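**Q** This structure is in structure tokens; I'll ask about it shortly.
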Amino acid sequence: MNRDINNLTKENITIVETEYFTFGSGLILSNGEKLSPVTIAYETYGTLNSEKSNAILINHALSGSAHAAGYHSINDTNPGWWDLHIGPGKAFDTNIYFIICSNVIGGCSGSTGPSSINPATGKHYGPDFPMVTISDMVNAQYELIKHLGIKKLLSVAGGSMGGMQALQWTLSYPEMVNSCIAIATSASLSAQGIAFNEVGRQAIFNDPSWNGGRYYDYENPRAGLSLARMIGHITYLSEKHMHEKFGRKFQDSGVRDKNLSSEYMVESYLKHQGVKFVERFDANSYIYITRAIDHFDIKEDHGGSLISSFENVTANYLIISFTTDWLYPSDNAKDIVKALRVNGKNVNYTDIVTDNGHDAFLLPNDIMGKNISNFLKNEFKKSIN
């Protein structure tokens, strides 16, 4: 739910409230286990029209949450993670569309995850939380969309892991998805990507406070989680972007001796990212979500063929990649585009030239914004004709 707050600050802002949907019937997961009850944290922006034909589901990446846009209070200094692109007149124009964003199951921002209380024990799930997949996350979102009374989504969209969810939606619920916007993503993670995720997990496992994941009544594995975030953050930036932003500059501009106390700007930046991350994220969720990313493989259920995987989809697609994204390189996006086109599907593809690496989808980008805006306008126009 959101409401416009005027004249409370020098500029008008949108105050957003996180809402929660719990379904006691639970969810049968990909591994056969049942998770019950399940709570989904979500936020909405804009207004659902009377035909319920303007709904767009936004899917977040690894460290995201349901808070995709707006502010939680007039004193909030940080807007939602995709506020640059969601709002009146923006790519996801809330004057036209009804935007929904939910926290994934396995997360730690309001949806059921490892830090939630296990009703069977009265204690935090911790490592007893069942393994979840990208498909499980989508199945939980499906329950939310049904709860909202929406029979068909105008679009599903997301970047990185959010793009994986968007693609999975078109496979799991083809009849419910009109279009898909998949950005900086892949049909499966590369061996290099899995390797970086594993190094991050090992950083957490080797923290003295890890305690096998049962740390909620004690000290959290802050050092390990911080290090995992630092490792991950390196993969989100391109070498050129890091060089231009930090170079070999010291954090202090004065003359520094070449000793152990010397701190380069890039070191300070990574440490800052790690410290910020541990204040809002759970180490177990990091383990579970990175594993879900690793296990995601569209080809797996279709004889190893990406072409066969997309044979029965009905959505129209917008696929966007970035030239300096080495975590989800452009070739991965091109493989998806090729598979869709072989099947005669309607797909638009843009490979955007940028120095910002994987994080480009979170940053200001006029080309990305215009591509999304034009694609959605065309899809919405077709849906009402």
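The values are calculated or read from the model by the stated rules, or taken from the named source; none is laboratory data. Just so you know, these numbers come straight off a predicted model, no measurement behind them. Using ideal geometry, Cβ is built from the backbone for each residue, glycine included, and neighbour counts are taken over all protein chains shown. With ligands, DNA and RNA removed, areas are computed over all heavy atoms of the protein, side chains included. Shrake-Rupley method; radii C 1.70, N 1.55, O 1.52, S 1.80 Å.
**Q** Where does the Debye-calculated log10 I(q)/I(0) of segment 88-165 sit at q = 0.27 Å⁻¹, using only Cα point scatterers of equal weight, no solvent?
**A** Listed by q, the Debye log ratios stand at -1.34.
**Q** Further question on the same structure: Hey, could you grab the Kirkwood Rh for segment 187-332? Inverse mean 1/r over distinct alpha carbon pairs, Å, one decimal.
**A** It is 18.0 Å.
**Q** Sticking with this structure for a sec: Assigning unit charges at the beta carbon (Lys, Arg +1; Asp, Glu -1) and nothing else, what dipole magnitude in debye, to the nearest 20, does the chain show about its Cα centre?
**A** That gives a dipole near 480 debye.
**Q** Shifting gears a bit: With only alpha-carbon atoms in the gyration tensor, what are the semi-axes of the equivalent ellipsoid for segment 150-243, in Å, largest first?
**A** Whole-Å semi-axes of the equivalent ellipsoid: 33, 19, 11.
**Q** Report in % the part of the accessible area of the chain that belongs to carbon and sulfur, leaving out ligands and nucleic acids; probe 1.4 Å.
**A** Ligands and nucleic acids excluded, carbon and sulfur reach 50 percent.
**Q** Which of the lysines could a cross-linker span from residue 299 if the Cα-Cα distance has to be under 17 Å and same-chain partners fewer than 8 positions apart are dropped?
**A** Qualifying lysines at Cα under 17 Å: 334, 338.
**Q** Write down the accessible area per residue of segment 171-221 in Å², having rolled a 1.4 Å probe over the full set of protein chains.
**A** Ligands and nucleic acids excluded, the result is 44 Å² per residue.
**Q** Per residue, what accessible area does segment 62-122 have, given a 1.4 Å probe and all protein chains present, in Å²?
**A** With the other protein chains kept in place, segment 62-122 gives 35 Å² per residue.
**Q** Can you give the Kirkwood hydrodynamic radius for segment 40-139, in Å, rounded to one decimal and based on Cα pairs?
**A** Every distinct Cα pair counted, the radius reaches 14.9 Å.
**Q** Is the chain rounded, prolate or oblate when judged by the Cα gyration tensor, a ≥ b ≥ c being the square roots of its eigenvalues, rounded requiring a/c under 1.5 and prolate requiring a/b larger than b/c?
**A** Cα axes put the chain in the rounded bin.
**Q** Right, next: Just to confirm my numbers, what's the Cα centroid distance between segment 148-208 and segment 18-81 in Å?
**A** Segment 148-208 and segment 18-81 have Cα centres spaced 15 Å from each other.
**Q** Okay, moving on. Provide 169, 326 ordered by accessible surface of protein heavy atoms (probe 1.4 Å), highest first.
**A** From most exposed to least exposed: 326, 169.
**Q** Would you mind putting 352-359, 207-214, 74-81 in packing order, based on average other-beta-carbon counts within 10 Å, highest first?
**A** Descending mean neighbour count gives 352-359, 207-214, 74-81.
**Q** Name the residues whose placed amide hydrogens come within less than 5 Å of the amide hydrogen of residue 352, ignoring near sequence neighbours (fewer than 5 apart) on the same chain.
**A** Here the answer is 321, 322, 323, since their amide H atoms fall under 5 Å of that of residue 352.
**Q** What are the equivalent ellipsoid semi-axes of segment 92-230, built from the alpha-carbon gyration tensor (square roots of five times its eigenvalues), in whole angstrom, biggest first?
**A** Listed largest to smallest, the semi-axes of segment 92-230 are 31, 20, 13 Å.
**Q** May I pose another question? So, with +1 on the Cβ of K and R and -1 on the Cβ of D and E, and no other charges, what is the size of the charge dipole of segment 259-385 about its Cα centre, to the nearest 20 debye?
**A** In debye, rounded to 20, segment 259-385 gives about 620.
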